1. Would you pull out the residues with amide H under 5 Å of S218's amide H, same chain only if 5 or more places away, H placed 1.01 Å from N?
2. Using θ = phi - 60° and the Karplus form 6.51 cos²θ - 1.76 cosθ + 1.60, what ³J(HN,Hα) does each residue of segment 286-303 get, whole Hz, x for Gly and Pro?
3. Taking the chain as the reference, fit the longest principal axis to its C-alpha atoms, fit the long axis of helix 2-19 to the helix C-alpha atoms, and give the angle between the two in degrees, 0 to 90, nearest 10.
4. Just to be sure I follow the definition: excluding the sites themselves, where is the longest run in the chain that has none of the GluC sites (Glu not before Pro) in a DSSP loop with at most 13 other Cβ atoms within 10 Å?
5. Using alpha-carbon pairs under 8 Å, 6+ residues apart, how would you state the relative contact order of segment 174-253 in percent?
6. For segment 322-447, what relative contact order do you get, as a whole percent, if you take Cα pairs closer than 8 Å and at least 6 residues apart?
7. Just want the answer: with Cβ charges of +1 for Lys and Arg and -1 for Asp and Glu, which residue in P379, V424, A359 is farthest toward the dipole's positive end in segment 346-447?
8. Considering only protein heavy atoms and a 1.4 Å probe, what is the carbon-and-sulfur percentage of the accessible area of segment 55-95?
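The values are calculated or read from the model by the stated rules, or taken from the named source; none is laboratory data. Given the structure is predicted, the values throughout are model-derived calculations rather than measurements. Cβ: placed from backbone, ideal geometry, glycine included. Neighbour counts: every protein chain shown. To get the accessible areas, we keep the full protein, side chains included, count just its heavy atoms, and leave off ligands, DNA and RNA. Shrake-Rupley method; radii C 1.70, N 1.55, O 1.52, S 1.80 Å.
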Amino acid sequence: MKKSLSAIVLFVLVVYASVFMPSTVYATDGMNLEGYGPIATGMGGASMAYDNGTAAMMNNPATLGLMPDGNRLDVALGYLGPHITVTGPRETTSQSNAFYMPAIGWIQKSGQSAYGVGVFAQGGMGAKYDANSFLAQGTGDYVGSQLGVGRVIVPFAYNVTPDLIVAASVDFVWADLDLKMALPGSQFAGLVTSCSGPACAGLPILATMSETRLDFWSGGPFSGAATGTGYAGKLGATYKINSDVSIGATYHSKTSLNDLKTKSDGASLSAGSPGAMGALGAGQISVRDFQWPETYAVGVSWNATKELMVVFDIKQINWSGVMKNFKMTYDGTVNGANATIDFAMPQNWKDQTVFELGAGYIVSPEWILRAGLNITNNPIPNTYLNALFPAIEENHLTLGAGYMISKASSVDASFTYAPRVAAVSDQAGAAVYHMQNNAQVMYSYRF
């Protein structure tokens with residue numbers, strides 16, 4: 001019966017990954033979520049050195065070896081509630097304020113080995129402002145961005161000794177992007193790094209236009225207009241120092257994603273003046289060399305008493321290695337002639353060091369309460385801040401709880417409050433304000 005259940009679980013995971021995973025996730029540690037799984041998130045996201053369920057596939061896969069023998073299936077749902085306001089000539093608020101992201105994972109622990117599969121949202125960023133906002137530049141259409149990244153993860157953990165566990169995972173990664181952007185013609189021309197084709201002779205005319213637009217938007221909930229796939233991997237280890245103290249560490253590799261591409265006519269260019277925009281052409285957009293950064297983390301868990309566990313992690317996210325420039329290529333027509341136009345939007349993100357501190361307290365055999373802090377810096381320099389990519393959140397306060405329904409099943413939940421932060425764009429002179437209320441809930445079944 002266990003083998004049959006395992007096969008059913010694997011089938012459901014594959015179908016889920018290919019059909020139902022949402023395309024966009026709004027993240028808070030740069031483009032990462034502040035925590036993966038409600039057990040870890042309830043304790044500030046710390047997850048390196050204790051059993052936090054199948055979300056360990058996203059955290060430290062070595063903690064899967066801390067599970068008891070048997071199968072575990074986790075089914076989770078996350079809610080992200082960003083509130084983004086931009087002040088400039090007038091105030092405007094992003095319409096993207098509620099997102100739901102399911103996750104699912106299955107692990108089988110047998111003796112010294114643990115293995116399984118899971119599907120998780122990695123993170124993303126974006127916002128959406130209506131056509132009447134000053135960010136739309138009077139072009140008659142809304143502007144915004146939606147970037148999402150997800151993973152199908154196959155982990156393997158091995159208990160080398162009763163105290164030492166090592167692990168690795170192979171991650172299939174996908175990413176998608178929607179973008180609707182309005183810029184004065186002079187700014188648009190300033191993003192162009194090269195052009196080839198007959199239409200390039202007329203490209204300088206764009207710089208004289210009062211407004212230009214670049215648009216590619218799928219309009220669907222499960223996939224962006226520009227999509228790409230690739231792979232990555234993780235390594236992890238945990239070591240039990242004594243009966244009360246364990247340490248853990250992990251390395252997440254930089255992704256190897258293909259270019260994100262739209263359909264051959266999936267993007268459009270237009271130009272003109274407010275209220276008098278005209279189509280220039282259609283073509284394919286390729287987002288070139290977009291990657292997720294490598295990450296290092298170390299942590300410790302301490303059973304201070306039989307009831308109280310304290311956890312602390314330090315994580316390094318190397319955004320500077322992947323977010324120097326946001327590069328795109330438009331391959332299509334401009335006023336009836338062909339052109340291949342390369343763009344580059346400077347980003348120059350800074351690396352993030354994230355401090356994650358939390359505690360869990362067993363109130364009764366059925367109940368555990370959790371609380372934590374997640375503290376980091378805003379990775380986006382004001383020089384390159386763009387209201388379409390407002391990933392400026394810094395600190396988070398987290399709460400959580402777990403309830404054992406029976407020996408086989410349990411429910412865990414977490415709530416995160418990210419206080420309002422502000423940053424001012426040196427280019428646009430607009431101030432971006434960002435706060436979030438996020439939540440996760442998970443049902444676990446052991447068999």
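1. Those qualifying (amide H under 5 Å, at least 5 residues apart or on another chain) are A225.
2. Values, residue by residue: 10, 8, 8, 6, 7, 9, 8, x, 6, 9, 10, 8, 9, x, 9, 10, 9, 7 Hz.
3. 10 degrees
4. 1-306
5. Computed value for segment 174-253: 34 percent relative contact order.
6. 18 percent
7. Highest projection toward the positive end goes to A359.
8. 56 percent
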